[in-house]
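Below you'll find the structure, written out as structure tokens, and then a few comments.
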Amino acid sequence: MRIRVQRVHIPALSTIGYGEGHDPAERRVRFVGDHRPMRELGRAVSTASEPVYAEVEDWQIVEGR
């Protein structure tokens, strides 16, 4: 699923990152991922001048299908 990412949060000392955004139908979606690519995604979101998208697998979605 393609998600327009708006926020990434990685708790201190966690190996999991949490993302929030919207799917193509504009439903709010929360998802999880390994902290390393999620950290890069968070950097991209914080410096982007255009929307940032991520391909998220169904098993990564924790809220908002």
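The values are calculated or read from the model by the stated rules, or taken from the named source; none is laboratory data. Computed from a predicted structure; not experimentally measured. No Cβ is skipped: glycine too gets one built from the backbone with ideal geometry, and neighbour counts run over all protein chains shown.
Of all the listed residues (R30, R43), the sole one being basic (K, R) and touching a Phe, Trp or Tyr at 6+ places or on another chain (Cβ under 9 Å) is R30.
For the range 34-60, enumerate the residues that are of a type in the set (A, V, I, L, M, F, W, C) and under 15 Å from R7 (Cβ atoms). Correct list: M38, L41, A44, V45, A48, V52, A54, V56.
For the residues V52, V45, the requirement of being at pLDDT 95 or above and touching a helix residue (DSSP H, G or I) at 6+ places or on another chain (Cβ under 7 Å) singles out V52. Please work out if R30 is in contact with a Pro (Cβ under 7 Å, 6 or more places away or on another chain) and not hydrophobic (A, V, I, L, M, F, W, C). No.
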